[in-house]
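A short worksheet on the structure shown next.
The values are calculated or read from the model by the stated rules, or taken from the named source; none is laboratory data. A quick note: this is a predicted structure, and the numbers were derived from the prediction, not measured. When we count neighbours, we look across all protein chains shown, and the Cβ atoms used for this are built from the backbone with ideal geometry, even at glycine. For accessibility, only protein heavy atoms count, side chains too; no ligands or nucleic acids. Shrake-Rupley method; radii C 1.70, N 1.55, O 1.52, S 1.80 Å.
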Amino acid sequence: MKLVLGLAALLTVASAAVSRPKDQKVSYDGYKVYRVAVAHEVNKVNNIVKDLGLSTWKGAPRAGAFSDIVVPPTQVDAFTKAIAGLDAEVMHEDLGASIAEESTFQTYAATSVNATWFNSYHTYADHLQWISDLQAQYPGNSEVVTAGKSLNGNAITGIHFWGSAGKGVKPAVVFHGTVHAREWTVEYMAYNLLTSYNSSTEIKGFVDKYDFYMFPVVNPDGFIYTQTTNRLWRKNRQSTSGSTCVGHDINRNWPFQWSVTGGASTDPCAEDFKGLAQSDAPETTALASWLKTVKANQGLKLFIDWHSYSQLFMTPYGYSCTAVAAKNTELQALAKGAVAAIKAVHGTSYSYGPICTTIYKATGSSVDYVNDVVGSDYTFTSELRDTGTYGFVLPASQILPTADEAYAGVRYLLLNMK
Ligand code: 0X9
Ligand code: ZN
């Protein structure tokens, strides 16, 4: 499965794209990303962001949180003047240079799938090839699956594998990655579980007990767009009548408590635009219907939606900070154990708790829907590395450590779920 190593985030958008000829790649050369500590100065920081037309990486500035702000070269002077006196540091001195470094894709020409795949990021075509190559190495207990099509007709592709009981019998474990296009993903978990099936009794036990369905890129149109045009694209590529802005946030579009206000934007230009109606994104509709079918056919034990960044391991709900998930006590205990297991690998600290109180209110997110409508026994969402040194543009050297520590968290769940 994949593990997504991704990243993500939100807010309004991207001044970068404003006056560029259609389809030309957005340049972030000379852009800086600042991390500003916001205490009581929320209004001040919000006003700076608005007045200068800046985008932020993790939502609107909030009290008691860092705000990661993207500043074009033309606004650097005005921005640094405006934040004088605030506690701020530079995350990216030159975002364009950081993206260029990250995007040095290794050529992929695998005959036999191996761990060097995780040493760099890859093109979408190579991800599809890699999934197919991994599957071809285990023809007896795996298959390539699709959960439907994106708006632009790309198949939402995953790998399904199973153990000694045969295909489609045991309860499912389903992972989604890269719903937010800029949160690039990694397929380490599928690789690890499949390649160690014959050599590890523990892993054989997991794969014999559950059917795994790993979808590394559930927003293929958005992911492709991050590679062709704008590295920091988040949403899908859907138009909205009455607006020139593109994209619906798939993680605000799921048909459960979608109408609740305050956890998404109704502005088609915002990074967290919820859509004009629930489930109006074809990706949401396809994934929701696919999940219901799996649940009906074989049961759904565990669902995890992987994002980045912030190092969090979260539980339902996002739509309300007072609603409590039916299994909350057990979910918190599992999240706590997963976080400890993650830390034990490379010392990386994750926090855990319900989405709304841990990060912010988010309506129409996958986790709330899967928990309450599909009915997964266990439902989580994680924000992987880092906490704001690199944010969405994480050096490739951190793919493998991010992935193997996240696997330790998943392993804890697989060992401890009832
Ligand atoms: O805003 C979001 O959708 C998530 N953060 S992100 O920066 N990755 O965009 C937080 C919402 C929590 N819900 C899920 N991650 N499913
Ligand atoms: Zn995300």
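I need every pair where a residue in region 237-254 that is under 30 Å from Ser320 (Cβ atoms) and within 16 Å of ligand 1 (Cβ to nearest atom) has its Cβ under 6 Å from the Cβ of a residue that is open to solvent by 40 Å² or more (accessible area, probe 1.4 Å) and of a type in the set (Asp, Glu), sequence separation at least 6 or different chains.
Correct list of pairs: empty, since none qualify.
Just to be sure, is Ala277 open to solvent by 10 Å² or more (accessible area, probe 1.4 Å), out of contact with any Gly (no Cβ under 9 Å at 6 or more places or on another chain) and aliphatic (A, V, I, L, M)?
Values: open to solvent by 10 Å² or more (accessible area, probe 1.4 Å): yes; out of contact with any Gly (no Cβ under 9 Å at 6 or more places or on another chain): yes; aliphatic (A, V, I, L, M): yes.
So Ala277 fits the description; yes.
Would you point out which residue out of Gly153, Gly166 is open to solvent by 10 Å² or more (accessible area, probe 1.4 Å) and over 28 Å from Leu413 (Cα atoms)?
On the way: Gly166 fails: over 28 Å from Leu413 (Cα atoms).
It is Gly153.
Could you tell me whether any residue of region 175-186 is open to solvent by 10 Å² or more (accessible area, probe 1.4 Å), of a type outside the set (Ser, Thr, Tyr) and within 16 Å of ligand 2 (Cβ to nearest atom)?
Looking through region 175-186, none of the residues is open to solvent by 10 Å² or more (accessible area, probe 1.4 Å), of a type outside the set (Ser, Thr, Tyr) and within 16 Å of ligand 2 (Cβ to nearest atom).
Could you give every pair whose Cβ atoms fall below 6 Å, whose first residue belongs to region 288-314 and is touching a residue at least 60 places away in the same chain (Cβ under 8 Å), and whose second residue is in a strand (DSSP E or B) and of a type in the set (Asp, Glu), counting only separations of at least 6 or pairs across chains?
His307/Glu383; Ser308/Glu383; Tyr309/Glu383; Ser310/Glu383; Leu312/Glu383
As an exercise: evaluate Tyr352 against (1) in contact with a strand residue (DSSP E or B) (Cβ under 6 Å, 6 or more places away or on another chain); (2) open to solvent by 10 Å² or more (accessible area, probe 1.4 Å); (3) under 23 Å from Thr56 (Cβ atoms); (4) not acidic (Asp, Glu) and give the number of the one condition it does not meet.
Against the list (1) in contact with a strand residue (DSSP E or B) (Cβ under 6 Å, 6 or more places away or on another chain); (2) open to solvent by 10 Å² or more (accessible area, probe 1.4 Å); (3) under 23 Å from Thr56 (Cβ atoms); (4) not acidic (Asp, Glu), Tyr352 comes up short only on (3).
State yes or no: is Asp368 within 30 Å of Asn119 (Cβ to Cβ), of a type in the set (D, E, K, R) and surrounded by 18 or more Cβ atoms within 10 Å (Cβ to Cβ)? Write out each step before concluding.
Working: within 30 Å of Asn119 (Cβ to Cβ): no; of a type in the set (D, E, K, R): yes; surrounded by 18 or more Cβ atoms within 10 Å (Cβ to Cβ): yes.
Taking the combined requirement at face value, the residue does not satisfy it.
Mind listing whichever residues of region 21-40 are at pLDDT 95 or above and of a type in the set (D, E, K, R)? Write out each step before concluding.
Here is the first cut: in region 21-40, the residues at pLDDT 95 or above are 26-38.
Selection gives Asp29, Lys32, Arg35.
Quick one: in region 92-106, of everything that is open to solvent by less than 20 Å² (accessible area, probe 1.4 Å) and at pLDDT 95 or above, which residue is farthest from ligand 1 (Cβ to nearest atom)?
As a first pass, look at region 92-106 and keep what is open to solvent by less than 20 Å² (accessible area, probe 1.4 Å): 92, 95-96, 102.
Those left that are additionally at pLDDT 95 or above: 92, 95-96.
Numbers: His92: 17, Leu95: 17, Gly96: 22 Å.
My answer is Gly96.
Have a look at Ala165, Ala125, Ala181 and point out the one that is assigned to a loop (DSSP other than H, G, I, E, B) and closer than 30 Å to Gly364 by Cα. Before the answer, list the steps.
Numbers: Ala165 fails: closer than 30 Å to Gly364 by Cα; Ala125 fails: assigned to a loop (DSSP other than H, G, I, E, B).
Step by step, each of Ala165, Ala125, Ala181 is checked, and only Ala181 is assigned to a loop (DSSP other than H, G, I, E, B) and closer than 30 Å to Gly364 by Cα.
Residues in region 146-169 that are more than 16 Å from Leu134 (Cβ to Cβ) and either in contact (Cβ under 8 Å) with a residue 60 or more places away in the chain or among the hydrophobic types (A, V, I, L, M, F, W, C) (or both): how many? Spell out the reasoning first.
Step one: filter region 146-169 for residues more than 16 Å from Leu134 (Cβ to Cβ), giving 147-156, 163-169.
This time we only want the ones that are either in contact (Cβ under 8 Å) with a residue 60 or more places away in the chain or among the hydrophobic types (A, V, I, L, M, F, W, C) (or both), so: 147-152, 154-156, 165, 168-169.
Total meeting the criteria: 12.
Taking the residues in region 295-312 that are under 14 Å from Val174 (Cβ atoms) and open to solvent by 10 Å² or more (accessible area, probe 1.4 Å) as candidates, determine which candidate is nearest to the chain's Cα centre (by Cα).
Here is the first cut: in region 295-312, the residues under 14 Å from Val174 (Cβ atoms) are 295-306.
When the remaining residues are screened for being open to solvent by 10 Å² or more (accessible area, probe 1.4 Å), the result is 295-299, 301.
Numbers: Lys295: 22, Ala296: 26, Asn297: 27, Gln298: 26, Gly299: 24, Lys301: 20 Å.
Once the filter is applied, the top-ranked residue is Lys301.
Can you name every residue in region 375-398 that is closer than 19 Å to Tyr319 by Cβ and assigned to a loop (DSSP other than H, G, I, E, B)?
Gly375, Ser376, listed by residue number.
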